[in-house]
Amino acid sequence: MCLRSSLKILNFRRKVVTVPICLLTLTVAGASLSSKPLNPFSDHSSDNLTTGLDGILRSSRALWTITSNVVDYKYSLYGLPNDSDQYRHLLSEVHSRSAKRILKLCEANKGFYVKAGQFAAALRQLPTEYSSTLASLHDQATPCNFKAIKEVLNSNLGKDLSQIFLSFDEQPVAAASIAQVHHAVLKDHHEEVAVKVQYPGLEQQLKVDIKTMSFISKSVAFLFPEYRFHWLVSEFAEAITLELDFVSEAKNSERTANNFRNSSIVKIPRVFWELTTSRVMTMEFCKGCKVNDVESLKEFGVDPVAVANELANVFSEMIFVHGFVHGDPHPGNILVSPRGKNGFYLVILDHGIYKQLNEEFRLGYCQLWKALILQDPKGIRQMAERFGVGKYYQYFPVMFTGRTINSNSGLGQGMTNEEKVKMREELKSLTMEDVSSFMESLPPDFLTIIKTDGLLRSLMRRLGASQRVSLQAYAKNALYGLMLKHGSYSGKWSVSKFKANLSYLHLRIILETVEWLSWVAKVWNFLTRKFKQVLLTYSPRYLVPSLFLSTS
């Protein structure tokens, strides 16, 4: 037995030593192949060389980080039963250490690694140690030197800045992982504009980084067969490729503005098409504070809970009614602009990542939420089977409403202590294989929904709103969405909305009645217990049994 264990450990150590060397060799080769061939006679040969070396350095950092994490998981958890308390305790510690290493990697490599970290942080299906640690990446931004930015502007706009702008602030008002925004004033109309400029060299960097991420994810899946998350890299690559095209972003912003054309709350900055290219986007300059800046909201006289309510309404309308969903609603992409006394606009920025939901999926998701709100186990199971994850149907209510499948709790009240204990016991039986299987089985549109929902929940908590606020908004717009066919907003839209309002009113009456009856039952049980305690304390002993018999 000891000899066999020793051979296993020896074999594993040999793999640990070999794997990083192989990974490094293959990734460097991949980075070289993905870069443009170096031409010594080209004026850009030095740039190509810099890009190639930078790719090797970034890939090496990534490989070292992932290899360190693999070794940590393998050695720290080696030989421990998966269902033991010691295993779970150590697993949480390894998750934390690994998340911190990945955070350092993202901060060092910047660019797409920051975007990938933000992408992962929004997924509630990942361990909480990862999502909480990587959440700080939403505030990570290092502005690019203005000399390089000016070259991008001149080459894309075809003119010197002095010919277009009356003034152009060289210090960016905002900086993100792939672009930065400058405040300027147009020379012709004296209008204030925001000019979004993409960092130079991103397309080549993206090729190297995606190849590295893809190779690492496949290697991790080889070492840990139960971790099958390679599809995440594909989803991320697709999203980030679209985000690099500012013409596509401008079209998304105009489409969203049209979807909310009747809204008095939503404001989408107007695009100046004559000054917009695939790498430069010029739009209306909008003032305001970040949506999660509670102190500034209070200074403006704006109620944070009112902001949360509108936020839930706007994004749930995107999901259930429009079927055209903003995929990155983090605090930097949503501003609150004061309007009149205690009024405000929600200014939605950064329209690079959007998801057009499949119409069948949109209607199915509306039906799922109707079943979730009404606590309809049969309906939830039917929709889970429709989405291809029928065996996990009982976890949908926990994921989205915080209640168990057979909970008696009111909407937004969460689980009782007994339900929490029972749920913990059930979750112990779930393995990473189950999580991987669940995520792989979901329709592709679900990933965007889950990510958007996770970011919204974080904002709602920061604004001090209860879960009930978002759940009611989701319920209302799910019913609106069911009344529409193929996302049509013309003709019968007002009739459909009227019918949806009646249906929602009916739903609210049912929910309120159920919760009122639940409250009455709790009060009755409380008074009954108190009355029995009084009888036990003050009544003669020979009367107590007969009284209990009469009240039982």
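The values are calculated or read from the model by the stated rules, or taken from the named source; none is laboratory data. Values in this document were obtained by computation on a predicted structure and should not be read as measured data. In this analysis, Cβ positions are derived from the backbone assuming ideal geometry, glycine residues included, and neighbour counts consider all displayed protein chains. Calculation scope for accessible area: heavy atoms of the full protein, side chains included, ligands and nucleic acids excluded. Shrake-Rupley method; radii C 1.70, N 1.55, O 1.52, S 1.80 Å.
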**OP:** Would you mind computing, in nm to one decimal, how far apart the modelled labels at Met399 and Asp303 are, each placed 7 Å from Cα along Cα→Cβ?
**Re:** 3.3 nm
**OP:** Starting from the Cα of Ser167, move 7 Å in the Cα-to-Cβ direction to define the label point; list residues of region 277-302 whose amide nitrogen is under 19 Å from there.
**Re:** 283-288
Subject >> Percent of Cα pairs exceeding the 17 Å cut-off, where the set is region 334-394 >> reply: 59 percent
Subject >> Contour excess over end-to-end distance, with Cα ends at Arg424 and Arg468 and 0.36 nm allotted per residue >> reply: 13.5 nm
**OP:** Would you pull out the residues with amide H under 5 Å of Leu166's amide H, same chain only if 5 or more places away, H placed 1.01 Å from N?
**Re:** Val185, Leu186, Lys187
Subject >> Arg261 versus Trp64: modelled label distance in nm, points set 7 Å from Cα along the beta carbon direction >> reply: 5.6 nm
Original post:
Each label point is 7 Å from the Cα along the Cα-to-Cβ direction; what then is the distance between the points at His190 and Leu374, in nm?
Top reply: 6.0 nm
Original post:
Roughly how much of His182 is accessible, in Å² to the nearest 10, using a 1.4 Å probe?
Top reply: 0 Å²
**OP:** Enter the accessible area of Leu105 (Å², nearest 10), with the probe set to 1.4 Å and all protein chains included.
**Re:** 10 Å²
Original post:
Once amide H atoms are built 1.01 Å from N in the peptide plane, which residues 5 or more positions from Arg339, or in another chain, come under 5 Å H to H?
Top reply: Phe344, Tyr345
Subject >> Residue-by-residue Karplus 3J(HN,Hα) for region 91-107, coefficients 6.51, -1.76, 1.60, Hz, glycine and proline x >> reply: 4, 4, 5, 5, 3, 5, 4, 5, 4, 5, 5, 5, 4, 4, 4, 4, 5
**OP:** Just order 343-353, 292-302 by mean Cβ neighbour count inside 10 Å, highest at the front, would you?
**Re:** 343-353, 292-302
Subject >> Nearest-20 debye value, region 315-421 charge dipole, Cβ charges on Lys, Arg, Asp, Glu >> reply: 160 debye
Original post:
When Lys and Arg each count +1 and Asp and Glu each count -1, what net charge do the other residues less than 11 Å away from Tyr345, Cβ to Cβ, add up to?
Top reply: +2
Original post:
Where Lys and Arg each count +1 and Asp and Glu each count -1, what net charge lies around Lys287 among other residues with Cβ under 15 Å from its Cβ?
Top reply: -2
